[in-house]
Amino acid sequence: MTLSQSATGAPAPAAPAPAAAEPFLRLSGVRKSYPGVLALDGLDLEIRPGEVIGLVGENGAGKSTLMKILGGVTTPDSGTIEVDGVPYAALTVGGSLRAGIAFVHQELNLFDNLDVAANVFIGREPRHFGVLNLVDTARQRAAVLPLLEQLGANFSPDTPVSKLSLAQQQLVEIAKALSQDARLVILDEPTSSLPIAETEKLLAVIDRLRARGIAVIFVSHRLGEIERACDRVVVLRDGRLVGKLAKDEISHDRLVKLMIGRELKVIYAPPKADRGAVALAARDIRTAAYPHHAVSLDLHGGEILGLAGLVGSGRTELARAFFGIDPIYGGTLVSNGKPIRIAGARDAVEHGIFLVPEDRKGTGILLDLSVAENISLPNLTAYAVAALVSAERERGQAEQSRSQLAIKVPTVDTRTGSLSGGNQQKVVLAKWLAMAPRVIIFDEPTRGIDIGAKSEIYRLMRALADSGVAVLMISSDMEEVIGVSDRIAVMHEGGISGMLERDQFSEENVLLLAVGKPVGSGRNVQ
Amino acid sequence: MKHAMTFTALVAASLMLGISAQAQDKQQLAFVVNAASDFWKLAEAGVNKAQEELPNYEVQFRYPAQGTAALQNSLMDDLVAAGTDAIMISSADPANSIDAFNRIAAQVPLFTTDSDAPQSDRIAYLGSSNTLAGVQAGEEMVKALPDGGKCMGFVGFLGADNAKERIAGFKQAIEGHNIELVDVRGDDVDFARARTNVDDVLVANPEITCMVGFYSYNPPKIYEALQAAGKLGQITVVAFDEDPVTLGAVREGSFASTVVQQPYEWGYQGMKLMAAYLEGDKSGIPEDGLIIVPTKVINAENVDEFEADLKAKIGG
Amino acid sequence: MSKKDTGLLVLILVVAAGVYLRNPLFLSPNNISNTANLIGLFGLFSIAQGFVIITGGIDLSSGSMIALLGVLFVDLVGNKGVPWPIALVIVLILGILLGLAHALLITRLKMPPFVVTLCGLLIYRGVARGYTGDATAGFPFGSTYPGLDFFTARVYGVPTSLLLLVVVAVIAWVVLHRSVFGRYLFAVGKNEEAARFSGIRTNLVIGAAYVICAALTALSAVFFAMYTRSVSPSSQANFYELYAIAAAVLGGFSLRGGEGSIIGVVLGAILLQILQNLVNLLGIPSSLNFAVMGTVILIGVLVDQQLGVYRAHRRLVEAARETAD
């Protein structure tokens, strides 16, 4: 495969873009292993000014190790890192900063009790009055203003970061990188938490960075965006560079094939039987967040109901109300035809209503507990003999779950926090499957999970539905919603704006309902 | 005629109010202590007795929330602000409260008791001489151990003035009589630790033949430890103050004797002294400003009489 | 026994050996018996504190509760002539009620445990002082109560307080490390929200921890009252909760919750009492009591931590050597 040289486009007015596209950063034969794992196996990579390089690979492929080495946090076992032609065995954090490498992590590192300008200059605040060493807020502000303009930001340097949206906060991180004269900005999964409109803006920002001669490494699972934004793509698998695609060679299928080494068809799997009776119904319930909307929704056994909507449309609030975490004001929940009261999660669990929450690490699993301990937790008394937990029974169930769901873990006593996102999600699922689910609610089930694990989870959801369970899937991923659901309900500002049957599925229809507009062909719910 | 009646009624009413208002203006005397203990309950009884004999005065007895000089000093400020006319205080740390004392003394007559602050502007000290009390205790020990012995002392705050003076007086009296005060163990008024200290000494220092309990709760702990170890009567004990257990031990002969202060007298005489002072009678104030109320030795002979007297004073 | 517990045990043995070499009377039967008694007294309410700390909470009111309940017990038996078993039951029930109050304020009204139990610390001692008018509550001289000496008795030199501690420690170990409730305690301490999302009734679990703590503290209040035989409400058990917290922290409890070992907290209590004992046995001036305690604990924890770092480093180096081949 050849690498097409992508010369930077329009010369930026401010920063001088080098005419000859010489790489300023070159990794050769970089190797890194941890106890029992070979993370990087002889990696070669060149980075030129003004290039946007997509970095793609499944979890565990070596992406984060590569980033840690670039950031000077980890030292490679062998190989060289050349910065401006000078070879190093390893970078230090300071060296990485001096080389102009900046990171925008998936979990942003901003201080939400400070404003934008303070965050951009944190640790490097301009001072005045000599001995008194006071922060020169005026100079700080003046330095940040042009950066924000360059990025097309619609907020001022005085804005408290806590008031900014996720997308705006990302811009603050990028501004921080620019203020450090970054030559390379590494964006780690920047769009996975962004709504659609903001994603466009971020891609535009990447264009601006390219125009200024700044290189960008764009790490993402969103292959569509990779296709659109990148000049070339580098694919990692098992620590090795298995593919370098030039701009014209980038395609969804090719990328997936390289990542997992096989053809993957994301095909809609239809249900094996007609949908069954209503397992759980909400009748005119109101949540605390949206008290003005009465929501009615039927969850049928045997059906995967997708719940779509923009961020803030009230989907998670609905899920939390179903699961008893938040109280409902008005209306009733009806389970198997009988009205029920769900005062807390325990009540929901006892009715066979389970939730796989959005915040996997915060509320889905307990990171410090082992896989077996997490799986047994909701039903612990079933594993107990005379109020004492039987390790045997617990492990037995854990081994069963492990093979049933193909959870990749050395032993079931491994700390769950050390598993990859996909495997952690499987543990969350395992703990509910070990009981007898009637209704399972998934809230953003595949966020931050690689393609291979994603399809496994879809398969599990289908199998669940086919066994009679009512599945509610909340998702912001359009591909996922359209590709996996049997029916789609769309929420808008706290209420249900419409339902779509399979023959009405399209991105356009979903978006229309999501913004509250009526759909051409399809039913509307008031 | 009607108006005359109303008028008279009004005048009578205002006169009565005026008289009662004046009656509220009794002079106020305060007795401030440094800790909550039964010892001070005796002083309180003395103060209350004095109140009976001082109908034109209002006496108060105040415990601070905690036994720190800082709290005591701010308590005194509050009392002065509320109109107290004279204060007698047993300070937790007189040496470091000179400024506070002077501030109070500038506004009202200030007297000290129990622990003195002679460098301050206090008018007089009324209390025991801790040094003399220590000497008495030492003399008792000499009487009880004619052949000499090795003693261990137990106290609450090793650094407190009253502790230091008692220990010094004790050492002074045993000088040259073949008796040695090997060490004094402190417990910071933690009763459990006070007891543990004695237990540990019994284990670690078998050469000890006598013990001294310098604070009022130390002798009972010594008694209980000796009892538990089966050594009552084998170790000679001289005590301070009049805890019921201490008196019982003296009565039964397990303790040689106890040196008691007379906190009842401090309270009683203190109030009368301050009242007299406010009336202009300074005759009770000696030149050196030290009014020493002597400590008494209570042994098996006079313990019954003493206890009966105590009961009468507190009960009455 | 975990690595941390082993480290603590080693520290205890090292300190004990050192004291023994300086003064062999350290291991005399009387001293062992005395120290064992104190270990029993302090260990009991240290275990109590452990249950609360594991949920990520804290109970600052232990010392004041010991003062209040101790004063009540002595007053009921010594002055009011209540038969001591009845007084014991009254005191235990009162302790449980106080624990329930803590539980309700913390779980229902969502008040921070630090604030609730700090108020407890202030209120209980104040009530104790008010109850006696600041006087010391004591038994009349020479009074004996049949059966009451159980609390201070020694069976072949082994104090009943230590025997009770062993019983309570065994039960506590089983509950915390093997039972369903114990697992819930760990889960709630590690991540209360995630525990709730797994269907655990977190309020019940946390509330139970505070009730257990208060009940065990009430029991130790009676033991302490019988040990000192007179209770001064203003000074009894002053700041003792710090002993409990120190023992728990030494024993591997994290103040953030979710970690801890019963063996550890008992070892911690043992270490603290040995340190107190050595000050007297070696004739160190009493004023340096806490300085000695703090220094030994600091050095011990430091050495233990550094050993842990060294061990982890060795493991990585060895593992790297293996995979490099």
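Some points to look at:
- Degrees between helix B:2-24 axis and first principal axis of chain B (Cα, 0 to 90, nearest 10): 20 degrees
- Computed [θ] at 222 nm, deg cm²/dmol, chain C (DSSP H ≥ 4; -39,500 (n - 2.57); rounded to nearest 500): -24500 deg cm²/dmol
- Among the listed pairs B:164/B:282; A:32/C:3; A:63/A:257; B:143/B:164; B:171/B:296; A:163/A:454, those whose Cα-Cα separation exceeds 27 Å are B:164/B:282; A:32/C:3; A:163/A:454.
- Legend: mean number of C-beta atoms from other chains within 10 angstrom of residue C-beta atoms, peptide C:181-191, equals 4.
- Whether segment A:284-368 is rounded, prolate or oblate, judged on the alpha carbon gyration tensor where a/c under 1.5 counts as rounded: rounded
- For chain A, the longest principal axis of the C-alpha atoms and the axis of helix A:137-150 are separated by about 80°.
- Compared with the rule-of-thumb size 2.2 N^0.38 Å for a compact globular protein, chain B has a Cα radius of gyration ratio of 1.19.
- Inter-label distance, residue B:302 to residue A:294: 9.4 nm, where each label sits 7 Å from its Cα along the C-beta direction.
- On Cα atoms only, tilt of A:421-433 relative to the major axis of chain A in degrees: 10 degrees
- Remark: spin-label model distance residue A:155-residue C:143 equals 7.0 nm, labels positioned 7 Å along the Cα→Cβ axis.
- Segment A:278-514: C-alpha pair distances exceeding 24 Å, %: 44 percent
- Shape class for segment C:38-180: oblate, because the ratio a/c of the largest to smallest gyration tensor axis (alpha-carbon atoms, square roots of eigenvalues) is 1.5 or more and b/c is at least a/b.
- Cα Rg over Rh - chain C, Kirkwood: 1.01
- Least to most buried among A:358, A:82 (fewest other Cβ within 10 Å first): A:82, A:358
- Each of A:317, A:501, A:107 has some number of other Cβ atoms within 10 Å of its Cβ, and from fewest to most they run A:107, A:501, A:317.
- At least 24 Å along the helix axis (C-alpha) and Kyte average at least -0.5, DSSP helices within chain C: C:3-22, C:29-54, C:84-107, C:113-132, C:160-178, C:202-228, C:262-281, C:289-324
- Residues whose amide H falls under 5 Å from that of residue A:497, counting only those 5 or more places apart or on a different chain, are A:490, A:491, A:492, with hydrogens built in the peptide plane.
- At a Cβ-Cβ separation cutoff of 4.7 angstrom, cysteine residues of the protein assembly as shown with no neighbouring cysteine are A:230, C:119, C:213.
- Annotation: amide H of residue A:39 within the under-5 Å range of A:32, A:33, A:34, sequence separation 5 or more or interchain, hydrogens built in the peptide plane.
- Between B:186, B:159, B:230, the Gaussian network model of chain B with springs among Cα atoms under 10 angstrom shows the greatest mean-square fluctuation at B:230.
- Placing R0 at 25 angstrom, the Cβ-Cβ distance between residue B:68 and residue C:79 gives a FRET efficiency of 0.25 after rounding to 0.05.
- Residue with peak Gaussian network fluctuation, chain C [Cα springs, cutoff 10 Å], from C:161, C:235, C:62: C:235
- The residue A:105 and residue A:393 beta-carbon pair, evaluated with R₀ = 41 Å, returns a calculated FRET efficiency of approximately 0.50.
- Judged by the gyration tensor of its Cα atoms, with axes a ≥ b ≥ c, chain A is prolate; a/c meets the 1.5 cut and a/b is the larger of a/b and b/c.
- Residue exposure sequence - C:190, B:164, A:408, A:426 - by fewest surrounding Cβ within 10 Å: A:408, B:164, C:190, A:426
- Long-range HN-HN contacts of residue A:54 with modeled amide H, under 5 Å: A:218, A:231, A:232, A:233, A:234
- Inter-site label distance for residue A:403 and residue C:97 at 7 Å from Cα along Cβ, in nm: 5.8 nm
- Candidates B:146, B:294, B:220, ranked by Gaussian network fluctuation over chain B, Cα under 10 Å, top entry: B:146
- In the distance distribution for segment C:164-210, Cα-Cα pairs more than 18 Å apart total 31 percent.
- Residue B:4-residue B:283 FRET efficiency (beta carbon distance; Förster radius 56 Å; 0.05 resolution): 0.55
Any read-out appearing in this document is the output of simple, stated calculations on the displayed coordinates, not a laboratory observation. Computed from a prediction, not measured in an experiment: that's the story for all the values here. In this analysis, Cβ positions are derived from the backbone assuming ideal geometry, glycine residues included, and neighbour counts consider all displayed protein chains.
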